[in-house]
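The values are calculated or read from the model by the stated rules, or taken from the named source; none is laboratory data. Predicted model, so just to flag it, every value in this text is computed and none were measured. All Cβ positions, glycine included, derive from the backbone under ideal geometry; neighbour counts span all protein chains shown. With ligands, DNA and RNA removed, areas are computed over all heavy atoms of the protein, side chains included. Shrake-Rupley method; radii C 1.70, N 1.55, O 1.52, S 1.80 Å.
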Amino acid sequence: MQTVDVVFLARHDISRPLESDTPGPWAMEIQPGHHGGQLLTAEVLGRESAFIFLSECLRAVAEGPHQGMAMARFVIPLQNGTIIRSDIVPFRLGDAFWVDKAESFANPLQVFPGEPLSLSTASLTDIFHASAGAALLGSAVLEPCSKSGRQCTIRVPPEIESNFKDKLSIPWISKERIPRRRLLLVGSSNQDPAGGGWTQYARRAAVALGIDLIFIDKEDGWLARGNYTSWYDALLPAPSSWWADPSADELVRLVEEYKIKNTEAKIDGIATFVEALQVPVSVAAARLGLPHEQPSAFERATNKYKLGLFQNRPAFLASSAEEVLALIEYPENRLAFPLIVKPSFGLNSEGVTRVDNASELEDAIQVARSSGRSKNDVGDRVLVERYCEGPEVDVNMVLIDGEVIFNEICDDFPKGADVDDAEANATFGRATSPVRRRNFQETNMVFPSALPDDELTTLRTAVKDTIQRLGFKNGVMHVEARISQSKCSYQSTCGIVDLKPRRRDIPAVPDVVGEVQENTDVPSAWIIEINPRPPGLFASQTPGSVYGIDYWGVSLLLGTGDKARASVLSQPFAAGAQNHTVLVMIRAEFDPACEGIFDSDDVCADLLKRHPELRQYIGRNGCLLKRGQKIPHPSGGRNTFVAYINVFSRKSRQEALEIARQVRDEIRYKIR
């Protein structure tokens, strides 16, 4: 690829450029050194995004610390072919340490000629037209400009050059022409975009990849109610009765009817990211001759009870405390307190409770029953299994043709049910309620994991083997697991909780049930859940910043059978994780006597307004609740997040955790 570094300099004899936030269409006149004046508009530059980027460059000239100077790097492909993802430049460069802003100038599936630009004759407009995208360099990384007459030379530090090559090391121009594809997506996220729902991320990826979406969704869902017609080619409503008992027959009928009415609209795939729909969607895909995984693989993976049995782990269904106590009486069941009680079919850790004694059983069963999804073969029974002591992790894998193309592991910090009161206060930063102490709602997720290499290898091997034995060949797999008998444990030092080598005077908790005691010397993987989809909610976005991987985009490509692009876009940054990131999740905690009405504005904006010094450490973030919104109390098993904030450090994991603790302590919200 060719890079063109453009230096913007202010001239005192020219009036200050217009502010970028001026409403309505506007134009800008700039005077390059040897081309005379140019009147630039979005139409002249080819895209509105190009004009906005230019205005940001000029704003940096006028307002940046190096007042009067800014620099942008433009990226021009030198291979003739199709861009595999139109936003690849900002997606891979956007969170680099040297970038203030990155933007794409490419159209989806745009074909580039692959010809270098002659800088001796090129105008700024030519540079914009030839580029796939550009990055505005942060003022902090620029060295002072060396001027000679009207010429200006800025040296780009070698660490920036190295990082640039690292981020764009993948073959992002395809020699082959790539046709537009059309994917049927069954179901949408429970939350709309304002609430952090995943559908917005899937749609954003679809646009950049040149994939047209057709939704099969609820008749009264947020997609149908809101102004989202630009998101899809068609919205096919499935009757409300189907969602209670989804079948492949109805899906096939809807697709066949659409094909009859739209004879020229080729369907390349059908997919869903809703676990309850994955079996019927897989069956329908097979009947329609579209790419699919085996229905039996989804059947075992999405049923937590069947998954436990598949792994030869003690797992039981029960409908009362008496039934659970009867199961505990038999040593061969290998069941003892503490227990986990949860729905066989559920999501977001809702209805999952740790039970330490018989008196807590009935409440836990009711919570699991009320929050889980009913199935004919389960009825009102809930899943009961042993609680595994040991650090919890998320293992995310990309599988193509049965082989693991990419994987990463992050630490899922202790939940309320994992710690005692003193540890909880150190972890969460606030007094711990009884409800919080029992549930498994996420707190912090830290990328990458700090577990020892041998334990990470154990996890990868166990997860890969289980996924392959289930029968999966292709897909993004989000796996929750623990490492039993780990050499590490969570410990608090100066108020900061993190994984540390286990102290010799505190042995690992032996896995003892009845008369059976398993080997306490060898760490082993305990797979809790296998979700054949990207990570839920906002957790899917952090790997994009840390590794350069978009799980939604890869999933959509595999859904249409485009394994070539999926394979390329599953390649991480060449140097691996680019920073230490803590995904801080702020949970809704309030007194049960309250109405449950959120009574605050954007808590993330409020945080950065009060503490602007934190901005340099804050990545993607969002407030998920609106003032006046009613939310359920967590005692009913429903988990509600107020906000999420990605805190990163390029220095150390310790620094990231320290800042994350400060962020959690400084978040302010009110629920009345």
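Observations
- Candidates PRO90, GLN441, GLN578 compared by Cα position along the dipole of the chain: farthest toward the positive end lies PRO90, with charges placed on Cβ.
- Ratio of Rg to Rh over segment 276-382 (Cα coordinates, Kirkwood Rh, two decimals): 1.05
- GLN468 versus ASP453: modelled label distance in nm, points set 7 Å from Cα along the beta carbon direction: 2.2 nm
- Surface per residue (accessible, 1.4 Å probe) for the chain, Å²: 43 Å²
- Linear extension gain, ARG225 paired with ALA244, 0.36 nm per residue minus alpha-carbon span: 4.8 nm
- The heavy atoms of PHE164 present about 10 square angstrom of accessible area, all protein chains included, probe 1.4 Å.
- Based on C-alpha pairs under 8 angstrom that are at least 6 apart in sequence, the chain has a relative contact order of 10 percent.
- Over the residues of the chain, the helix contribution to mean residue ellipticity at 222 nm works out to -8500 deg cm²/dmol, using -39500 (n - 2.57) for each DSSP H run of at least 4.
- With Cα atoms, 0 to 90° folded angle of helix 361-371 axis to the chain main axis: 40 degrees
- Accessible area in the full protein assembly, largest first, 1.4 Å probe, for ASP411, ASP401: ASP401, ASP411
- By accessible area with a 1.4 Å probe, ligands and nucleic acids excluded, highest first: order of GLU322, GLU442: GLU322, GLU442
- With Cα atoms, 0 to 90° folded angle of helix 199-209 axis to the chain main axis: 40 degrees
- With 30 Å as the limit, the listed pairs LYS218/LYS261; LYS167/LYS304; LYS101/LYS487 have LYS167/LYS304; LYS101/LYS487 beyond it between alpha carbons.
- For TYR617, the accessible area of its heavy atoms, probed at 1.4 Å with every protein chain present, is near 60 square angstrom.
- Area of THR560 that stays accessible when all protein chains are in place (1.4 Å probe, Å², to 10): 10 Å²
- Gain in span if fully extended, LEU309 to GLN616, counting 0.36 nm per residue against the direct Cα distance: 105.8 nm
- Lys, Arg +1 and Asp, Glu -1 on Cβ, resulting dipole of the chain about Cα centre, debye, nearest 20: 1140 debye
- The modelled label-to-label distance between ILE597 and ILE52, using points 7 Å beyond Cα along the C-beta direction, is 3.6 nm.
- Label separation (GLN110 vs GLN654): 4.6 nm, computed from points 7 Å beyond Cα along the C-beta direction.
- By accessible area, using a 1.4 Å probe on protein heavy atoms only, the chain has 49% of its surface on carbon and sulfur.
- Fraction of beta bridges assigned by DSSP in the chain that are antiparallel (%, nearest 5): 85 percent
- Taking every C-alpha pair closer than 8 Å and separated by at least 6 residues, the mean separation divided by the residue count of segment 214-324 gives a relative contact order of 16 percent.
- Set of aspartates and glutamates near LYS626 by C-alpha distance (under 13 Å), chain-local residues within fewer than 8 positions excluded: ASP192, ASP599, ASP601, ASP602
- Amide N of segment 344-361 lying under 18 Å from the label point, which is placed 7 angstrom from the Cα of LEU317 along Cα→Cβ: 344-347
- For segment 52-118, diffusion coefficient by Stokes-Einstein and Kirkwood Rh (Cα), 37 °C, 0.692 mPa s, µm²/s: 243 µm²/s
- Net length gained if the chain between LYS259 and SER139 were fully extended (0.36 nm per residue, minus Cα distance): 37.8 nm
- Taking the longest Cα principal axis of the chain as reference, the axis of helix 278-288 is set at about 60 degrees.
- Cα-based shape type of segment 210-332, given that a ≥ b ≥ c are square roots of the gyration tensor eigenvalues and the cut on a/c is 1.5: prolate
- Viscosity 0.890 mPa s, temperature 25 °C, Stokes-Einstein D of the chain from Kirkwood C-alpha radius, µm²/s: 90 µm²/s
- Distances between placed amide hydrogens fall under 5 Å for LEU78 paired with GLN2, all partners being 5 or more residues away or on another chain.
- When only alpha carbons are used to place a centre, segment 639-665 and segment 68-123 end up 32 Å from one another.
- The mean sequence separation of alpha-carbon pairs under 8 Å and at least six residues apart, normalised by the residue count of segment 532-672, gives a relative contact order of 29 percent.
- Near GLU103: Cβ cut-off under 10 Å, other residues only, Lys/Arg at +1 and Asp/Glu at -1. The net charge is 0.
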